[in-house]
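K.L.:
Input: one structure, supplied below.
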Amino acid sequence: SLSLSLSLSLSMQDEPPSWGIGTCLSKRRRRLLAKHIRTYLLSRTAVWWLKALFGLLIVLTSGYVVASHISAIMVNAPADFSAYLAKIKHTPALQTMRLFLGGYSSYIKAKNYFESQEAHLNESIALHPFWARSQQGLTGRETWQDMVIGRMSNMVKQLKEMDRDDFKIEKDKCEMYGFFKRNDIPFVPLAGMWSQKAELLDFLRGLRVGGAAAKYTFPLWLKSCHLTQGDDAGRRMITHKDLEDDERFNEIVNWVERKYTQKPNDNARAWSDDAKVILDTLKPRFLIQESYKGPYGDSVGFQKAAPVELKVEVVWGRAYLANICDYEAYALRDGTIERWDTSLFSRIAHVPVTSEEQNQNVLWLHNENHMEKVFKLAEKVCKAMMADQVRVDIFVRPGDPDAIVVNEISISPGALYKWHAQFMASAWRNGHVSHLYQMPATTNKVYEEGPREGVLSDGSQWFVQTNTNTNEGG
């Protein structure tokens, strides 16, 4: 038994521990696996390596896009979720991905177009001090949306520190039309403006009797001057039937009651927090506007009558492009029409259709010489505002190029303009960095400027004037 115990003891000392066996096998497996991988990689062709590198680049770019989106959401997060989406649409990373998805040639065309316009964008213009103060602390890397965000932020700063409410040039439609009147800018005639709800309702009731409505072009448009954003639903059409039927007329009265107390918002934008500060300063006011005479949307393939509206972006006094509303197309200064609604690929990669054959519905804009008149009118508005940038929305109708009128303006446009956006942003930004402007010595608010300033120095005077002088102002 002693010899057996000794034998067992010696045999156990000769065997390695079980974990030792596993470690040795693991090392051998790793060496074998590394050898196989090395052999496999060395046997790959150059084409395989190019595909692999491209795939790796896509993965890294996708990761960067995701990280950029998360960062955009976390930094200065706006109050409304829809504003998150607006904030990240044109991040540089997302634009880079569009290049890989097939948008490179469209990018080059946009770049070449910008270079053809650059000399005009560098011309010196008069800049109102309010707009000069609205772009501070530029880094040289701002996107188009960043420029709008910066403007909104600095307008809030001027409101708080200097009591400047020059933003009413657009945020208050009553002041906007007063500015148009003072500067001889054509617009659709107004029936009047009202700051008191009771006076507006009295006017509406008066339209129901004695043929008072006969002197206006119907349908009329009842608009809330303080509710300028699309989501506010701040306008309502008034037809003859609305005036004739008691129930329908009461719906109009109820609409006025609701809109008089409604607070404006711009929650769907990346600058929504600053917009709230600005919009909270507005007082409820209303106007009634006549209709812009047709023919209308038939010329661009619409099923119902609607004004053809061109939204023109003006940067440093130069009309850069016009967005042909409801046709998803841009009209450029060189005569090109870019349409963007042709496919999902077109929308994602920013690849437009420029074929005349496929854009027949809007060629009349160039053939009838509408576009140059539209661009010149938009530039007149920008220069009257002494602004670095403004979007001017203009109504046109086929066969009558002299009938163009301004519908409204925007100083915080939400459109992102595909590949054109970064070049428009560059022009807007560089004008400030290079100081390509003269700043007049004026203390007037922007909406107070104009050669007819003494006639229409504030809205209240014009309320009286437009109620007694029908149709003056178109």
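K.L.:
When the stretch 349-370 is examined, which residues are found to be open to solvent by 80 Å² or more (accessible area, probe 1.4 Å) and modelled with pLDDT under 85?
P.N.:
The answer is Glu356, Glu357, Gln358, Gln360.
K.L.:
Something else now. Mind checking which residues of the stretch 385-404 are farther than 23 Å from Arg339 by Cα, touching a residue at least 12 places away in the same chain (Cβ under 8 Å) and open to solvent by 20 Å² or more (accessible area, probe 1.4 Å)?
P.N.:
Within the stretch 385-404, Met386, Asp402 qualify.
K.L.:
Taking interchain pairs and intrachain pairs at least six residues apart, which have beta carbon atoms under 8 angstrom, with the first residue in the stretch 237-248 and over 18 Å from Leu190 (Cβ atoms) and among the basic types (Lys, Arg) and the second open to solvent by less than 40 Å² (accessible area, probe 1.4 Å) and assigned to a helix (DSSP H, G or I)?
P.N.:
Here the result reads Arg248/Asp242, each pair linking the stretch 237-248 to a residue that is open to solvent by less than 40 Å² (accessible area, probe 1.4 Å) and assigned to a helix (DSSP H, G or I).
K.L.:
Next question. Of a type in the set (Lys, Arg), modelled with pLDDT of 85 or more, closer than 22 Å to Met152 by Cα and surrounded by fewer than 22 Cβ atoms within 10 Å (Cβ to Cβ): does that describe Lys373?
P.N.:
Here the answer is no, as Lys373 does not meet what is asked.
K.L.:
So Arg248 passes all but one of these: (1) crowded, with 17+ Cβ neighbours inside 10 Å; (2) charged (D, E, K, R); (3) farther than 22 Å from Met176 by Cα. Which condition number does it fail?
P.N.:
(1)
K.L.:
Can I ask one more? Based on what the data block shows, is Gly140 outside any helix (DSSP H, G or I) and either open to solvent by 10 Å² or more (accessible area, probe 1.4 Å) or within 23 Å of Thr261 (Cα to Cα) (or both)?
P.N.:
Taking the combined requirement at face value, the residue satisfies it.
K.L.:
Against the condition free of Cβ contacts under 8 Å to residues at least 12 places away in the same chain, over 30 Å from Val351 (Cα atoms) and surrounded by fewer than 18 Cβ atoms within 10 Å (Cβ to Cβ), how does Asp163 come out, does it pass?
P.N.:
yes
K.L.:
Now for a separate question. For Lys259, state whether it is modelled with pLDDT of 90 or more, among the basic types (Lys, Arg) and open to solvent by 80 Å² or more (accessible area, probe 1.4 Å).
P.N.:
no
K.L.:
OK, next. Being modelled with pLDDT under 80, open to solvent by 50 Å² or more (accessible area, probe 1.4 Å) and farther than 23 Å from Gly102 by Cβ, is that true of even one residue in the stretch 45-68?
P.N.:
Yes, that holds for at least one residue.
K.L.:
Further question: Name the one entry in Glu175, Glu257 that is in contact with a Cys (Cβ under 8 Å, 6 or more places away or on another chain) and either acidic (Asp, Glu) or over 30 Å from Asn444 (Cβ atoms) (or both).
P.N.:
Glu175
K.L.:
Going through Leu222, Leu190 one at a time, which residue ends up being within 34 Å of the chain's Cα centre (by Cα), modelled with pLDDT of 95 or more and crowded, with 21+ Cβ neighbours inside 10 Å?
P.N.:
Leu222
K.L.:
State the number of residues belonging to the stretch 235-245 that are open to solvent by 60 Å² or more (accessible area, probe 1.4 Å) and either touching a His at 6+ places or on another chain (Cβ under 9 Å) or of a type in the set (Val, Ile, Thr) (or both).
P.N.:
Final tally of qualifying residues: 0.
K.L.:
Which condition from (1) modelled with pLDDT of 95 or more; (2) polar (S, T, N, Q); (3) surrounded by fewer than 23 Cβ atoms within 10 Å (Cβ to Cβ) is the one that Ser195 breaks?
P.N.:
Every condition holds for Ser195 apart from (1).
The values are calculated or read from the model by the stated rules, or taken from the named source; none is laboratory data. This one's a predicted model, so the numbers in the text were calculated from it and none came from an experiment. Neighbour counts are summed over all protein chains in view; Cβ atoms, including those assigned to glycine, are modelled from backbone coordinates with ideal geometry. When the accessible area is computed, the model is the full protein with side chains, heavy atoms only, and any ligands, DNA or RNA have been set aside. Shrake-Rupley method; radii C 1.70, N 1.55, O 1.52, S 1.80 Å.
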